[in-house]
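S.K.: Please read through the structure below; I'll follow up with questions.
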Amino acid sequence: AGRLELVLQDDQLSMAPAKLTAADFDPGVRLTDIEMTLGLKEDVLSVKDAGFRTLGGRVQASDFVYDLVAETPDLRFQLQLESLDLAELLALQGGDIAGTGRISGILPVRVRNELPSISAGQVSSLPPGGLIQLSPDIAGVSSQPGLDFAIQALTDYRFTSLAASVDYLEDGELKLGVSLQGANPEVEKGRPIHYNLNVTQNLLVLLQSLRAQRAVTQGLERRVFN
């Protein structure tokens, strides 16, 4: 929704800054309360005050401009993550891991040749921390003593600090360097246990899987209620 005021003069199209809103958009992860201010002058699109709600929190984008006629457009901006719900984020991975807590951070985004990437993003937990719970089924898989201990501690891990570096490649591969500080009250008498983990996942494959699951669910709902 929005009101656009366009002017065509000497074959040049321009648009006064206009606020646009959208209630809902779902590329695999649901976005709501979307808003931005768009303007157009001399083939340069300006975007200001762009933001949306997702995963129980809010994401705000820094202002940026985009040259619509550039041969090799190179767009850069930052996403400010504000109090995302760790429970909703972990739920995207299925039922093998759950948790609680809130995270915030900054993701520097670059869009080159229509492909987005993130370099040296940083996210961290908000006080007082939270909880991570691995499924007991995962805890029983490993037969290596060191790995078995690490996984066992994560079945009920109370963290006071979670920090992660974020890199997202143009091919869809997401790389996280995660540092955790906390303890499991049932392991080693609750003594502090610190983790440094490297996690890699193809985000495009995950989004495709989520869209496919949602399509199946919606199809079943239509059959039941219609």
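The values are calculated or read from the model by the stated rules, or taken from the named source; none is laboratory data. In this text the structure is predicted, and so the values were computed from the model without any measurement. Cβ atoms come from the backbone with ideal geometry, glycine included; neighbour counts cover every protein chain shown. Accessible surface areas use protein heavy atoms only, side chains included; no ligands, DNA or RNA. Shrake-Rupley method; radii C 1.70, N 1.55, O 1.52, S 1.80 Å.
S.K.: Is it the case, given these coordinates, that Ala91 is under 22 Å from Leu204 (Cα atoms) and either crowded, with 16+ Cβ neighbours inside 10 Å or touching a residue at least 24 places away in the same chain (Cβ under 8 Å) (or both)?
M.R.: Here the answer is no, as Ala91 does not meet what is asked.
S.K.: If Glu71 satisfies all but one of (1) outside any strand (DSSP E or B); (2) touching a Ser or Thr at 6+ places or on another chain (Cβ under 8 Å); (3) free of Cβ contacts under 8 Å to residues at least 24 places away in the same chain, what's the number of the condition it fails?
M.R.: (2)
S.K.: Output the number of residues of region 7-32 satisfying the condition of being farther than 20 Å from Thr54 by Cβ, free of Cβ contacts under 8 Å to residues at least 12 places away in the same chain and assigned to a strand (DSSP E or B).
M.R.: 3
S.K.: Let me ask something additional. For region 161-172, indicate whether the set of residues that are assigned to a strand (DSSP E or B), of a type in the set (D, E, K, R) and either open to solvent by less than 60 Å² (accessible area, probe 1.4 Å) or farther than 23 Å from Leu92 by Cα (or both) is non-empty.
M.R.: yes
S.K.: Output the number of the condition that Thr155 fails; it satisfies all remaining conditions of (1) part of a helix (DSSP H, G or I); (2) closer than 30 Å to Asp74 by Cα; (3) touching a Pro at 6+ places or on another chain (Cβ under 7 Å).
M.R.: So Thr155 meets the others, but not (2).
S.K.: Looking at region 187-202, which of its residues are open to solvent by less than 50 Å² (accessible area, probe 1.4 Å), out of contact with any helix residue (DSSP H, G or I) (no Cβ under 6 Å at 6 or more places or on another chain) and outside any strand (DSSP E or B)?
M.R.: Gly190
S.K.: Every residue in region 53-64 that is part of a strand (DSSP E or B) and open to solvent by 50 Å² or more (accessible area, probe 1.4 Å), please.
M.R.: Scanning region 53-64 gives Arg53, Gln60.
S.K.: Where the second residue is in a helix (DSSP H, G or I) and the first is at pLDDT below 60 and lies in region 132-154, which pairs have Cβ atoms under 8 Å and are six or more apart or on separate chains?
M.R.: Ala139/Asp148; Ala139/Ile151; Ala139/Gln152; Ala139/Leu154; Ala139/Thr155; Val141/Ile151; Ser142/Asp148; Ser142/Ile151
S.K.: Only one residue in Asp67, Asp96 is open to solvent by 60 Å² or more (accessible area, probe 1.4 Å), over 30 Å from Leu154 (Cα atoms) and over 12 Å from the mean Cα position of the chain (by Cα). Which one?
M.R.: Checking each option against the conditions leaves just Asp67.
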